[in-house]
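Below you'll find the structure, written out as structure tokens, and then a few comments.
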Amino acid sequence: NSVIAIDGADVQWRQHIGNAAVLLQAYAGSTSYKIRFNSMNPVIESDNELTGLKGLAASVALPHITLRASRTWVHSTTLRSSQVDQLNAGLAQMAGGLSALAANPMLPGPLRAGLGSKAQAALGYINPFDSAPIYTSVGFNANWDGWAMMGEWARFASGSGMLGSADSYHFTVGRSVGNFTPYIGLARQQ
């Protein structure tokens with residue numbers, strides 16, 4: 001998700017413990033924004049709204065490394081576009097066709113029940129992007145003797161049967177040479 005800002009509130013607690021700086025944060029709010037699907041031709045733009053957003057984040061900063069973790073729960077995500085409307089119409093038609101077949105008294109009972117079940121399943125996919133997702137991430141930044149490293153693992157559990165879940169990670173390492181820092185990175189989404 002490309003959430004840039006949240007309208008809401010947050011509470012932070014900061015504490016120094018030895019040579020570590022600890023930050024704990026709780027936040028809540030909502031947001032709405034447009035999502036652009038630039039990989040589509042033509043480019044598609046959709047309205048996205050997240051409500052009931054709540055989360056916790058923690059970080060520990062040590063002299064050469066900062067560790068962080070966060071978890072965010074969203075009560076409701078709503079995504080609307082003309083393409084979603086088109087998908088919904090197709091799913092409703094398919095469910096209607098399956099229901100009409102299930103009503104045929106000439107079919108055996110188990111087949112009629114199976115078709116009725118499939119019709120209900122198709123209706124369950126209407127508005128497939130509307131869900132209650134959970135975002136989880138763990139990451140770090142490290143700098144030591146001219147070396148810089150950063151990495152993060154994140155999980156997006158969509159709460160949608162159609163979208164499922166995705167894990168992603170990235171790792172980057174670089175070495176400062178004067179005013180330049182050449183680096184190499186690896187990233188993957190599964």
Check: Out of the residues in the range 6-48 that are touching a Gly at 6+ places or on another chain (Cβ under 9 Å) and exposed (fewer than 12 other Cβ atoms within 10 Å of the Cβ), which is nearest to Pro63 (Cα to Cα)?
Finding: Ala9
Notebook entry, point to check: Would you call Trp13 farther than 21 Å from Gly151 by Cβ and in contact (Cβ under 8 Å) with a residue 24 or more places away in the chain?
Noted result: no
Checklist line | Breaking point among (1) outside any helix (DSSP H, G or I); (2) loosely packed, with under 13 Cβ neighbours inside 10 Å; (3) more than 20 Å from the chain's Cα centre (by Cα), for Met149 | finding: (2)
Checklist line | Residue satisfying condition, being out of contact with any Ser or Thr (no Cβ under 9 Å at 6 or more places or on another chain) and either part of a helix (DSSP H, G or I) or free of Cβ contacts under 8 Å to residues at least 60 places away in the same chain (or both), within set Leu79, Leu50, Leu24, Leu91 | finding: Leu91
Check: Regarding Ala142, is this residue over 23 Å from the mean Cα position of the chain (by Cα), open to solvent by less than 30 Å² (accessible area, probe 1.4 Å) and over 30 Å from Val43 (Cβ atoms)?
Finding: yes
Item checked: From the options Ala102, Ala89, residue that is touching a Gly at 6+ places or on another chain (Cβ under 6 Å), of a type in the set (Gly, Ala, Ser) and within 30 Å of Ala119 (Cα to Cα) -> Ala102
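Taking the range 85-112 as the search range and keeping residues that are among the polar types (S, T, N, Q) and open to solvent by 40 Å² or more (accessible area, probe 1.4 Å), which one is farthest from Ile126 (Cα to Cα)? If you could, list the steps in order and put the result at the bottom.
Here is the first cut: in the range 85-112, the ones among the polar types (S, T, N, Q) are 86, 88, 93, 99, 104.
Adding the requirement that they be open to solvent by 40 Å² or more (accessible area, probe 1.4 Å) leaves 86, 93, 99, 104.
Details: Gln86: 10, Gln93: 11, Ser99: 16, Asn104: 25 Å.
Once the filter is applied, the top-ranked residue is Asn104.
Restricting to the range 1-27, name every residue that is charged (D, E, K, R) and within 12 Å of Leu50 (Cβ to Cβ). Outline the logic, then answer.
Applying the first criterion (charged (D, E, K, R)) to the range 1-27 yields 7, 10, 14.
The one that is charged (D, E, K, R) and within 12 Å of Leu50 (Cβ to Cβ): Asp7.
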Next item on the list: Could you list all residues from the range 49-84 that are among the polar types (S, T, N, Q), loosely packed, with under 15 Cβ neighbours inside 10 Å and in contact with a Lys or Arg (Cβ under 7 Å, 6 or more places away or on another chain)?
Entry: none
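Please work out if Phe129 is in a loop (DSSP other than H, G, I, E, B), within 26 Å of the chain's Cα centre (by Cα) and surrounded by 16 or more Cβ atoms within 10 Å (Cβ to Cβ).
Details: in a loop (DSSP other than H, G, I, E, B): yes; within 26 Å of the chain's Cα centre (by Cα): yes; surrounded by 16 or more Cβ atoms within 10 Å (Cβ to Cβ): yes.
Against the criterion (in a loop (DSSP other than H, G, I, E, B), within 26 Å of the chain's Cα centre (by Cα) and surrounded by 16 or more Cβ atoms within 10 Å (Cβ to Cβ)), Phe129 qualifies.
Among the residues of the range 47-74, write down those that are touching a Leu at 6+ places or on another chain (Cβ under 9 Å) and under 17 Å from Ala5 (Cα atoms).
The first filter runs over the range 47-74 and keeps only residues touching a Leu at 6+ places or on another chain (Cβ under 9 Å), leaving 47-49, 56-61, 68-74.
Matches in the range 47-74: Asp47, Asn48, Glu49, Leu56, Ala57, Ser70, Arg71, Thr72, Trp73, Val74.
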Next item on the list: Tell me, yes or no, whether the range 153-163 has at least one residue that is closer than 24 Å to Leu56 by Cα, part of a strand (DSSP E or B) and open to solvent by 80 Å² or more (accessible area, probe 1.4 Å).
Entry: yes
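The values are calculated or read from the model by the stated rules, or taken from the named source; none is laboratory data. Fair warning: this is a prediction, and the values are worked out from it, not measured in the lab. Every residue, glycine among them, receives a Cβ derived from its backbone with ideal geometry; neighbour counts consider all protein chains shown. To get the accessible areas, we keep the full protein, side chains included, count just its heavy atoms, and leave off ligands, DNA and RNA. Shrake-Rupley method; radii C 1.70, N 1.55, O 1.52, S 1.80 Å.
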